[in-house]
Amino acid sequence: MEGVTIRSLFKKKREGKKITMVSTYDYLSAKLCEQVGIDCILVGDSLGMVFQGLDSTLPVTLEEMIYHAKAVRRGAKESFIIVDMPFMSYQVSTEEAIRNCGRVLKETGANAVKIEGGEEVAQLVYRLVSIGIPVVGHIGFTPQSIHALGGYRVVGRAEEEAQRVKKDFKALEQAGCFMIVLESMPTSLAKEITENSKAITIGIGAGPYCDGQVMVFYDLVGLVEDIKPKFVKRYVEGSILFKQALSEFKKEVEEGLFPSEEESYG
Ligand code: KIV
């Protein structure tokens with residue numbers, strides 16, 4: 001796979017070619033993403049819910065993000081990797097945020113960090129970008145603010161909220177974010193933002209008009225059974241296939257059919 005860079009991503013935007021991103025947390029899935037030519041891999045803090053079984057992303061730690069990002073980099077040596085900065089790793093002070101973002105790039109070999117928030121993080125984005133740390137923004141529904149937002153919901157339906165989202169986007173763009181994730185917002189709002197944007201927009205639950213789309217690996221392969229938000233598409237029913245395999249294994253062991261001669265050492 002030819003190396004993806006910020007320049008090549010902007011080239012795609014200019015040429016109107018869609019950008020693909022998958023959020024994943026482990027060596028094997030990252031390897032699959034690279035093999036099929038997914039443009040960017042996000043090591044998302046959604047790992048708190050999807051991988052760890054937590055109720056939200058809030059408890060995820062910096063050490064856990066670094067651990068997963070290292071595994072992803074081992075599986076996807078050439079890919080453009082973005083790592084989510086977890087809750088409270090960048091909010092306390094600029095100094096601490098810079099140290100933590102620097103650690104992520106130095107220790108994992110990732111290409112960029114992602115932070116949630118709008119105008120309130122613009123100053124930080126400016127500092128990070130000015131010292132050479134590429135930053136991806138994330139606005140609309142921001143999972144780390146789940147309590148403040150009053151639960152999972154579409155953000156920007158009301159005019160006042162839509163104006164806020166647009167202001168946040170401009171603030172991040174001016175501060176130097178090269179890419180901004182637009183999560184759970186009306187299609188028309190994401191379309192308007194994208195049409196007027198210099199930064200690359202990546203949608204999730206934001207309709208088809210963004211420059212690219214991101215989806216969580218375990219959602220798209222159908223392994224997340226309990227929740228299926230409207231914006232998720234399962235490209236394969238993974239949980240059904242995996243359960244079939246597990247049931248067959250169980251049956252064959254119980255019936256003495258596995259292991260056979262073929263799976264045994266002579
Ligand atoms: O944590 C994550 O996986 C994300 C994407 C869904 C955008 O932030």
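Structure summary
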read-out	value
Residue that is least open to solvent (accessible area, probe 1.4 Å) [pool: residues in the stretch 1-57 that are closer than 20 Å to Pro143 by Cα and of a type in the set (Asp, Glu)]	Asp45
Failed item in (1) surrounded by 21 or more Cβ atoms within 10 Å (Cβ to Cβ); (2) farther than 19 Å from Leu58 by Cα, with Thr142 passing the rest	(2)
Output for the stretch 104-129, where each listed residue is acidic (Asp, Glu) and open to solvent by 40 Å² or more (accessible area, probe 1.4 Å)	Glu107, Glu119, Glu120
Number of the condition not met by Val155 [criteria: (1) open to solvent by 20 Å² or more (accessible area, probe 1.4 Å); (2) more than 24 Å from Ile81 (Cα to Cα)]	(1)
Verdict on Ala69 being within 16 Å of the ligand (Cβ to nearest atom) and open to solvent by less than 10 Å² (accessible area, probe 1.4 Å)	yes
Residue match in the stretch 74-83 (condition: assigned to a loop (DSSP other than H, G, I, E, B), hydrophobic (A, V, I, L, M, F, W, C) and surrounded by fewer than 22 Cβ atoms within 10 Å (Cβ to Cβ))	no
Criterion (part of a loop (DSSP other than H, G, I, E, B), modelled with pLDDT of 95 or more and either farther than 23 Å from Val125 by Cβ or open to solvent by 70 Å² or more (accessible area, probe 1.4 Å) (or both)) met by exactly one of Tyr218, Tyr209	Tyr209
Verdict on Asp168 being of a type in the set (Asp, Glu) and open to solvent by 30 Å² or more (accessible area, probe 1.4 Å)	no
Selection status of Val113, outside any helix (DSSP H, G or I) and within 16 Å of the ligand (Cβ to nearest atom)	yes
The stretch 147-202, residues that are within 16 Å of the ligand (Cβ to nearest atom), closer than 18 Å to Arg14 by Cβ and either more than 21 Å from the chain's Cα centre (by Cα) or in a strand (DSSP E or B) (or both)	Met179, Ile180, Ile200, Thr201, Ile202
Count of the stretch 176-186 residues which are without any contact (Cβ under 8 Å) to a residue 60 or more places away in the chain and open to solvent by 10 Å² or more (accessible area, probe 1.4 Å)	4
Complete set of residues in the stretch 120-146 that are without any contact (Cβ under 8 Å) to a residue 40 or more places away in the chain and part of a loop (DSSP other than H, G, I, E, B)	Ile131, Gly132, Ile133
Yes/no for Gly132 being at positive phi, modelled with pLDDT under 95 and open to solvent by 30 Å² or more (accessible area, probe 1.4 Å)	no
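The values are calculated or read from the model by the stated rules, or taken from the named source; none is laboratory data. Keep in mind it's a predicted model, so treat the numbers as computed, not measured. When we count neighbours, we look across all protein chains shown, and the Cβ atoms used for this are built from the backbone with ideal geometry, even at glycine. Side chains included, ligands, DNA and RNA excluded: accessible areas come from the protein's heavy atoms. Shrake-Rupley method; radii C 1.70, N 1.55, O 1.52, S 1.80 Å.
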